[in-house]
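Down below is the structure, laid out as structure tokens.
The values are calculated or read from the model by the stated rules, or taken from the named source; none is laboratory data. Everything quoted here is computed from the prediction, not taken from an experiment. Here the Cβ positions follow ideal geometry from the backbone for every residue, glycine too, while neighbour counts run over all protein chains shown. Note: accessible area is taken over every heavy atom of the protein model, side chains too, but ligands, DNA and RNA are not part of it. Shrake-Rupley method; radii C 1.70, N 1.55, O 1.52, S 1.80 Å.
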Amino acid sequence: MSDLEIQAGLAGAAARRRSGRRIAGRIGVTEVLAAVFALFLLVATLAPGLVAPGDPLAIDPRSAFQAPSWAHWFGTDESGRDVYTRVSHGTLSSLQIGVAATLIGLGFGAVLGTVAGMLGSVVDFTVNRLLEVMFAFPGLLLALLFIMVFGPGPATATLAVGLATAPGYARIIRAQLVSVRSSAFVEAATVLGRSRARILLRHILPNTLAPLLVLGTLGIGQAIIWAAALSYLGLGAKPPAAEWGAMLSAGRTYLSTAVWMSFFPGLFVVLTAISATVLGRAVERRLRHA
Amino acid sequence: MAEPVTSTHPADPSRPAVLRRALPRRALLRGAARIGGAVLVLWLVATVTFFAMRLVPGDPAEAVLGGPGSQTSPEALAAVRAQYGLDQPIVTQYLAELGRLATGDLGRSYALRVPVAPLLLGQLGGTLLLAVLSLLLAWLFAIGLALFSTRAGRWGRMLGSGLEIGAAALPHFWLASALIVVFSSWLGLLPPVSTPGPAGLVLPVLTLAIPLAGFLGQVMRESMLTALEAPFVVSARARGESEAGIRRVHVLRHASLPGISLSGWAFGSLISGAVVVETIFARPGLGRTLLNAVTVRDVPVVIGVVLFVAAAYILMTLLTDLAQRIADPRLRRA
């Protein structure tokens, strides 16, 4: 089991229970809030100047450690830098690590899962043993091992998280492929005399790959949390970079005097993860009842 | 098996004698295959770790003598290489390593200059205590939340589900900071670093338990909702069993099933959580030892912790399988 498999199972179960077209199609308050936050993150990623016009690295020692106010919504840090500006401008690097890690995990997982599910017997057995070995380094352990070999930094942290999440994706994709392959419509296509390549391209792959969108959305939240955890531990992005995990790490020293330095970057990690879960489940419901 | 065949299945005399004897033997074979598979995976884990560590840049002999910066004589380097067997061909080193591992010898730490196995054993107790207490507390939270939210109607369900999704999204490092600020800076109730007494355990355990409860609670609630719609609950209602009785006898058992099947995952998640939590609360343990070793590239210690955790994880998965068969009779025949 991995975090991802649990998330995917929950999204599926929730979608199954909310059966009926009317309920499935309804968009709730949580979905709207999650979408608004995701939109904010998108703008902050593409054009951070629009949501926070200041300079995230501008130092102003006279206004250090100011509590949140109208002038500084999220307060200021030890050098008088505006925390709101830094959090907004840090969106790019924080999401970049999470999204890139998710893509790496999804890519690795898709290749391994497809190979195992399609080629069968010997390959399937080998891939399954490989996955079992990867699962035996639970959670952050595989990522820490990877960082140990290739050294800390944002690039290795991204690869490490991607690699650590890959087995979860692979196992889900393989299971999906096997279930699609034994389904009635594939059997029908076989009976109708369609070629193997055509069945694979027209029937099996589209039905296997469509759920990847849901998986990717659900996985981003966890990937961002792990990437931030690595930065927090000093193994990913380093201060004064405006990355959320690194900002939290820097704020640790001033926890009792300047809570806002840690609170707001962490709040953004949490809100991003919640939004990813909510949106992933909404997409799952849509796909299931489309 | 020299014992009379009738004793294996006394409850089922209608079965042919051959079948009656074959069942436990097949179960034994399956058990042996599971254990064999576990040993195979452990060996592969050791192999992967061994060769991955050979990719770590830098000369291990230099690392033993204090890192690349230290001025070491070629004679000293050669002596260390001979002592650690680093001058042997890689296959010999690999076989020697496997032999050592099989006898429980994990080598010596480069940085701390002590044998790894006793070092880890000394750190194990603290982490284990932390993990077990967190798991128990997470179970308690999760069952409570699931029971509450399946009972309380639509709003209660939404509240419960919202709480769980939120809890599951809480990163350990942020939750720990929040708990420290509230309970030690503002209220002054608990120490911000982990002291040896029970008071020092409260915040680390809460930090690990809350996100885990978020995950477990969601899974348990789904399982309860499925069970509440299952035929056996309908027939229990038809028999006139009380709602509380149905929940206690039938539904709670179903809610506990995913709790059991997820304990392997929960263990892994607690270990990676322990890396963060032990660092924040300055608590001695395996997690902090691992992080320190990764930071200074203390290869033997990292190998030791990784193998240790992998072995424990594989053992947990085996035990989980067994516990599931006990809790869910439907799995025994599968």
Of B:R297, B:R332, B:R288, which residue is surrounded by fewer than 24 Cβ atoms within 10 Å (Cβ to Cβ), of a type in the set (D, E, K, R) and modelled with pLDDT of 90 or more? B:R288
Could you pull out the residue among A:V29, A:V43 that is within 22 Å of A:A227 (Cβ to Cβ), of a type in the set (A, V, I, L, M) and without any contact (Cβ under 8 Å) to a residue 24 or more places away in the chain? A:V43
Matching residues in segment B:41-75 (small (G, A, S), modelled with pLDDT under 80 and surrounded by 12 or more Cβ atoms within 10 Å (Cβ to Cβ)) number 4
Could you name every one of the helices (runs of 4 or more DSSP H) located completely within segment A:199-290 that has at least 3 residues being open to solvent by less than 10 Å² (accessible area, probe 1.4 Å)? A:211-232, A:244-251, A:260-289
In segment A:125-140, which residues are assigned to a helix (DSSP H, G or I) and free of Cβ contacts under 8 Å to residues at least 12 places away in the same chain? A:F125, A:T126, A:R129, A:E132, A:V133
When restricted to B:T279, B:T226, the only residue within 11 Å of another protein chain (Cβ to nearest Cβ), modelled with pLDDT of 80 or more, within 22 Å of A:R16 (Cβ to Cβ) and open to solvent by 10 Å² or more (accessible area, probe 1.4 Å) is B:T226
For segment B:242-261, how many residues meet the condition of being open to solvent by 10 Å² or more (accessible area, probe 1.4 Å) and closer than 25 Å to A:A136 by Cα? 5
Take the residues in segment B:158-177 that are surrounded by fewer than 19 Cβ atoms within 10 Å (Cβ to Cβ) and either free of Cβ contacts under 8 Å to residues at least 24 places away in the same chain or in a loop (DSSP other than H, G, I, E, B) (or both), then tell me which one is farthest from the other protein chains (Cβ to nearest Cβ). B:L159
Please work out which residue is farthest from the other protein chains (Cβ to nearest Cβ), limiting yourself to segment B:178-204 and to residues that are polar (S, T, N, Q) and either open to solvent by less than 20 Å² (accessible area, probe 1.4 Å) or touching a residue at least 12 places away in the same chain (Cβ under 8 Å) (or both). B:S194
Between B:L208, B:L201, B:L190, which is part of a loop (DSSP other than H, G, I, E, B), of a type in the set (A, V, I, L, M) and within 30 Å of A:S256 (Cα to Cα)? B:L190
Got at least one residue in segment A:55-62 being surrounded by fewer than 18 Cβ atoms within 10 Å (Cβ to Cβ), at pLDDT below 80 and in a helix (DSSP H, G or I)? yes
Output the residue which, of all residues in segment B:308-321 that are more than 9 Å from chain A (Cβ to nearest Cβ) and either open to solvent by less than 20 Å² (accessible area, probe 1.4 Å) or of a type in the set (D, E, K, R) (or both), is nearest to B:A33 (Cα to Cα). B:D321
Residue in segment B:37-64 that is farthest from the other protein chains (Cβ to nearest Cβ), counting only those that are in a helix (DSSP H, G or I) and more than 21 Å from A:L142 (Cβ to Cβ): B:A61
